[in-house]
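Worksheet: one structure, shown below.
Read the figures in this text as sums done on the coordinates, not as results from a lab. Please read all numbers here as calculations on a predicted model, not as lab measurements. Positions of Cβ are backbone-derived with ideal geometry, glycine not excepted, and every protein chain shown enters the neighbour counts.
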Amino acid sequence: MKFFRPQVGSVTMAVIVSIYLLVLTNRTFFDKGLLYFSGHEVQFAGLVIAVFLLGVALLTSLSLKYLMKPAFILLVLVAGSASYFTDAFGTIFDRDMIQNVIVTTPGEAHNLLTPNLFVHLALYVGLPTALIMWTRIQHRPFLSKLLHNTAVVVPCLFGALAIVALNYPAFASTFRERGDLLMTLNPGGPIVGAVKYVRKLARERDIVVAPLGTDAKQGTRFASADLRSLTVIVVGETARAMNFSLNGYARNTNPELAKRSVLNFTNTSSCGTATAVSLPCMFSVYPRSDYSSAKALANENLVDVLTHAGIQVDWFDNNTGSKNVADRINYEFMPNSDDTRFCDDGECKDEILIERLKTYLQHRPKSGNAVVVLHQLGSHGPAYHKRYTAEFERFTPACQTAQFADCKQEEIVAAYDNTILYTDHILSEIIDLLKAEDPQTATAMIYMSDHGESLGENGLYLHGTPYFMAPKTQTSVPFITWLSDAYTKADGLNIDCLHAERDHAFSHDNLFHTVLGLTDVSTQVYDGALDAFAACRGSAGQIAGDIRKVDPS
């Protein structure tokens with residue numbers, strides 16, 4: 001007994017799949033297109049037709065007997081999968097987002113595996129794939145297929161080019177101002193992003209790391225005061241500045257830090273909108289305007305320069321890795337500890353960093369200056385409810401799932417705010433540990449997040465939006481510092497002057513040089529103009545502080 005299988009020609013199948021891909025996996029593209037072409041709907045209709053004709057031309061070109069079905073299924077898989085994240089979170093699959101997908105950890109990926117995702121994949125990937133497999137494709141003899149396909153492809157290409165030529169002014173101006181429109185087109189956007197990522201890997205494959213700051217030397221500020229220094233750099237994750245009550249947020253998300261005499265800087269911007277970009281950029285000598293991942297890989301970074309100066313540097317990571325920043329220093333990945341007090345499903349609460357810091361402080365050498373980097377899991381979404389312990393669920397009702405469709409926006413925001421409250425506690429615990437160090441140790445903490453987060457504003461969620469169009473929610477990050485009295489005095493810093501810098505514009509560009517300045521490391525790669533504290537150090541800081549006391553403006 002033979003089962004019924006419908007039969008269609010190869011070109012007919014190409015047209016059907018083209019219609020499916022364009023119409024059913026591109027809701028965000030159509031929503032944005034109708035918005036961006038408001039008042040010019042005819043031109044948008046022309047764009048849609050041009051995209052359809054190009055799709056038919058491409059798929060017809062792929063309609064070879066043994067290539068056709070695998071190629072069509074792959075396109076359906078890409079478009080169907082990407083459409084879920086684009087429609088649900090506003091995700092754009094450019095090169096950097098493809099990199100985020102590739103380097104994600106199992107624990108991070110697990111949080112994205114929601115019932116809605118599986119339903120979407122069943123309907124938009126599984127069902128069309130089954131239909132493609134079920135259908136019997138009728139192929140012409142090779143020469144006849146070549147002539148027939150050419151008769152389809154060429155008019156489609158000319159038709160698409162004619163539409164673009166006739167509407168070029170409208171298309172060019174829209175694409176120039178709204179570069180995200182074509183980036184949301186499935187499966188084109190993800191495929192282009194993947195190709196760019198592969199090209200990036202090819203360019204970076206044979207990069208050899210060049211030394212940086214090998215002339216670095218420690219100054220005498222701490223030694224002359226009979227002190228050793230310990231500087232803790234806390235790299236935050238997905239913390240946006242506007243949700244810190246220290247910056248005026250209505251909810252009291254920083255009750256503990258508010259009691260600890262911290263220096264808070266309200267106007268700080270990130271280098272990127274995803275960890276894979278921002279983290280190496282933060283520690284790179286290059287400013288964002290001149291930064292590239294190839295340059296970061298080709299040169300040593302801040303932690304290497306500190307090592308050249310003879311400072312002991314340790315990196316304790318509770319995130320997804322150092323992105324090659326810590327390749328040449330002591331590095332520990334906290335989830336590998338499988339500490340059941342803090343860890344579950346491959347992820348750990350940030351309290352594990354506190355425990356590791358306690359152990360470090362108990363066993364660190366009694367002489368020599370040191371820097372410790374703590375890389376938080378912080379506020380990484382979408383499973384915000386997993387980022388804090390029960391006693392920090394103070395803002396309610398809070399979303400208890402990674403499936404945002406099941407929560408109201410205010411519940412998502414409440415869960416996120418609880419993560420900031422928990423980070424407030426983590427930072428305060430670090431400060432208290434540093435306060436308790438022996439009198440011969442000058443201690444300091446610098447906290448700066450890698451990027452921010454979208455919580456539903458303008459339909460965007462999470463992060464990773466291309467920087468040129470990223471909202472401030474993803475690029476405005478907290479920058480908080482705490483200095484012990486001994487550290488402040490030895491470093492020659494004027495606290496009044498630093499407080500007056502509260503609203504000064506800073507960025508990730510400042511971290512490299514600020515840390516060198518704080519730790520009293522001299523090197524030719526240090527740029528005082530990018531040291532956030534240089535203006536408030538020594539005699540210049542005293543003069544600036546005195547002036548501000550007289551005239552705070």
Any chance you could run the full-extension gain for His40 through Arg394? It's 0.36 nm times the residue separation minus the Cα-Cα distance, nm to one decimal.
-> 122.6 nm
For Ser476, Ser63, Ser522, what ranking results if the residue with the fewest other Cβ atoms within 10 Å of its Cβ goes first?
-> Ser522, Ser476, Ser63
Which cross-chain or sequence-distant (5 or more) residues have an amide H under 5 Å from the amide H of Val373, H modelled 1.01 Å from N in plane?
-> Ile233, Asp314, Trp315, Phe316
Compute the distance in nm between two label points, each set 7 Å from the Cα along the Cα-to-Cβ direction, one at Glu457 and one at Asp327.
-> 3.6
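DSSP beta bridges in region 217-550, what fraction antiparallel, as a percent rounded to 5? All intermediate terms of the calculation are to be shown ahead of the outcome.
Numbers: 17 of 45 bridges.
Restricted to region 217-550, the bridges split so that about 40 percent are antiparallel.
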Amide H neighbours of Ser269 under 5 Å, counting only residues 5+ apart in sequence or on other chains, H built in-plane at 1.01 Å?
-> Val477, Phe506, Ser507, His508
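Hey, what number do you get for the chain at 222 nm if only DSSP H runs of n ≥ 4 count, each worth -39500 (n - 2.57), divided across all residues, to the nearest 500? Walk me through the numbers on the way to the answer.
Numbers: 23 runs with 258 residues, N = 553.
Mean residue ellipticity at 222 nm (helix-derived): -14000 deg cm²/dmol.
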Can you work out ³J(HN,Hα) from phi for every residue in region 486-501, in order, using Karplus 6.51 cos²θ - 1.76 cosθ + 1.60 and θ = phi - 60°, giving whole Hz and x for Gly and Pro?
-> 5, 5, 4, 5, 5, 7, x, 9, 9, 5, 4, 4, 5, 4, 6, 7
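What ranking of Cys536, Cys281 emerges when the number of other C-beta atoms within 10 Å of each C-beta is taken as an exposure proxy, fewest first?
On the way: Cys536 25, Cys281 28.
In increasing order of surrounding Cβ atoms, one gets Cys536, Cys281.
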Expected sort for 426-432, 269-275 on mean C-beta neighbours within 10 Å, highest first, is 269-275, 426-432
Please check the chain for the longest run free of trypsin sites (Lys or Arg not before Pro) that are loop-located per DSSP (anything but H, G, I, E, B) and have at most 13 other Cβ atoms within 10 Å.
-> 66-204
Which ³J(HN,Hα) values, rounded to whole Hz and listed in residue order, are derived for region 382-395 from phi using the Karplus coefficients 6.51, -1.76 and 1.60 in 6.51 cos²θ - 1.76 cosθ + 1.60 with θ = phi - 60°, glycine and proline given as x?
-> x, 8, 4, 5, 8, 8, 9, 8, 4, 5, 9, 8, 9, 9
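Assuming a strict under-27 Å limit between Cα atoms, what lysine pair count do you get for region 7-203 once near-sequence pairs (fewer than 8 apart, same chain) are dropped?
Lysine pair count for region 7-203: 4.
Say R0 is 51 Å: what FRET efficiency, to the nearest 0.05, do Leu117 and Arg203 get from their beta-carbon distance?
Using R0 = 51 Å, I get an efficiency of 0.95.
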Estimated FRET transfer efficiency (Ala210, Tyr249; beta-carbon r; R0 30 Å; 0.05) = 0.10
Nearest-0.05 FRET efficiency for Ser144 and Leu166, computed from C-beta distance (R0 45 Å) | 0.85
For the chain, which DSSP H helices look membrane-span-like by this rule: Cα extent along the axis of 27 Å or more and mean Kyte-Doolittle of at least -0.5?
-> 41-61, 68-89, 142-166, 409-435
From the phi of every residue in region 326-336, what ³J(HN,Hα) in whole Hz does the Karplus formula 6.51 cos²θ - 1.76 cosθ + 1.60 yield, where θ is phi - 60° and glycine or proline is x?
-> 9, 4, 10, 10, 5, 9, 10, 9, 4, x, 5
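Below 21 Å Cα-Cα, how many Lys pairs turn up in region 259-387? Only count pairs eight or more apart in sequence, or on different chains, if you could. Numbers along the way, then the final one.
Numbers: Lys295/Lys323; Lys323/Lys349; Lys349/Lys358; Lys349/Lys386; Lys358/Lys366.
Final tally of qualifying lysine pairs is 5.
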Tell me, how many Å apart are the Cα centres for region 221-260 and for region 12-43?
-> 47
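Going by C-beta contacts inside 10 Å, put Glu347, Glu108 in order with the fewest on the left. Show your work: numbers first, answer last.
Values: Glu347 23, Glu108 18.
By the 10 Å Cβ count, ascending, the order reads Glu108, Glu347.
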Return, in residue-number order, each cysteine of the chain whose C-beta is not under 4.7 Å from any other cysteine's C-beta.
-> Cys156
In whole angstrom, note down how far apart the Cα centers of region 432-462 and region 102-159 are.
-> 44
